[in-house]
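To start, the structure itself, in structure tokens.
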Amino acid sequence: MESNLSAALTRLGPPKAPGQCLEWFVENELGGDLTYEAVNMICVPSGSRLYDFSGRQSLMITLSVIGILLNGLVVFSVAKVQEHKPLYYLIANLAVTDIMAGVIANVMLEIREFVPYRQYTLLGVTVLHFPVILSLAGLVLLSVDRYLSVQHAIFYHTTVRGWHVLAAVAGAWVSAGLLCFSPMMGWNCYAMDLSKERCFLGVVEGSYMFSMTILCVIGVGVVVFANARVFVALRRRLALAVGGNEEEDGRVHMNQQLIVSAQKKARSVLVIIAVFLVTWLLFLSWQLSVLVTTFNIRVDSRAVSLQFFFVFLVVMWLVPIVNPLVYAFRLPVLRRVVWGSLRNGGVRLWRRLVPQQLVYPAAIEMPAVDV
């Protein structure tokens, strides 16, 4: 490691600016010899490295454990619930994606000291995009499922089955894998007639990020449109229920139930839209910043890196914690399954830790009776 560092510093030293220095290592052979951590030490001052703050490892591990536990409970509840609705399969798919995102994020942070800079750059873009695109695809499927169940209820309940949802989920996984990992397969390199040593550069050029940005914009648009239409439909039902209360006294109880149900569903849809927009507009802003940086080298790359750190923290660690609370545990059926399982598990654990002592009745001496 020390010899590599000295060679890097003495052989046509890289620029002093961090952004230009990192780009210099991307375009030179040393980027394939030095690890990502070594290049980061050369180009970025010690006080400016994003992931080297005090308590970073403890914070990341804590957030990952919380996210994995919550999503594990979601998968467990879906597997244990007796009624297997298509919606439950989609929620389980989102939970599995969130678990994978937390694992990938921690692995990417731990392999910085072992993977060459070029290869890490390739992994950092493709591997991190995979759970993000897959999560967005899962949210699109959830939104379409909710839209069909509300806007076309008869068609949904008579036509949509579990195998339809499983086929859609499988298609989303395959499509996301092919789209996100295509630069690693070398297709763009063959088309552009690039050398093997520079093949990885195809992933950081504008075409890949532009296509990923377009996909994310389309997915965000579908999710917002579907949930907005669902919210409007629920508001209409709420208005009809209130009108029925005012006209017919005999239907007050039934309409009151409809009112409460419509109000809860409308609030949950608003929460879903708000949380979704906060997260994905943040991610889209980072993608647009990367595109601007790609075509304009005068942009401050330090600001883009700081934005990436914030987006990375939100999307890969905080979103897996929020998603189960917003999409899964808002359903009473899944909440009851989780709560009942935790309560029964706690009772069994308590009985094992504190075994009950058998109490035998004391011997009672009966007085002698003279006959």
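The values are calculated or read from the model by the stated rules, or taken from the named source; none is laboratory data. Source: prediction; values computed, not measured. Cβ sites come from the backbone with ideal geometry, for glycine too, and all protein chains shown count toward neighbours. What goes into the accessible areas is simple: the full protein's heavy atoms, side chains included, and nothing from ligands, DNA or RNA. Shrake-Rupley method; radii C 1.70, N 1.55, O 1.52, S 1.80 Å.
Brief remarks follow.
- Qualifying positions in region 112-140 - of a type in the set (S, T, N, Q), surrounded by fewer than 22 Cβ atoms within 10 Å (Cβ to Cβ) and over 14 Å from residue 178 (Cα atoms): 119, 121
- Matching option when the condition is within 30 Å of residue 280 (Cβ to Cβ), surrounded by 15 or more Cβ atoms within 10 Å (Cβ to Cβ), at pLDDT below 80 and not basic (Lys, Arg), among 311, 315: 311
- When the residues of region 128-153 are filtered to those that are in a helix (DSSP H, G or I) and either among the charged types (D, E, K, R) or free of Cβ contacts under 8 Å to residues at least 40 places away in the same chain (or both), the one that is nearest to residue 274 (Cα to Cα) is 146.
- Residue within region 89-104 that is aromatic (Phe, Trp, Tyr), open to solvent by less than 40 Å² (accessible area, probe 1.4 Å), farther than 23 Å from residue 290 by Cβ and modelled with pLDDT of 85 or more present: no
- Residues being modelled with pLDDT of 85 or more, outside any helix (DSSP H, G or I) and either open to solvent by 60 Å² or more (accessible area, probe 1.4 Å) or small (Gly, Ala, Ser) (or both) are represented in region 154-172 by at least one member.
- Assessment of region 235-248 against the conditions (under 28 Å from the mean Cα position of the chain (by Cα) and either modelled with pLDDT of 70 or more or not hydroxyl-bearing (Ser, Thr, Tyr) (or both)) yields no matching residue.
- Scoring residue 62 on the criteria (1) touching a residue at least 24 places away in the same chain (Cβ under 8 Å); (2) among the polar types (S, T, N, Q); (3) open to solvent by 20 Å² or more (accessible area, probe 1.4 Å) leaves a single failure, condition (1).
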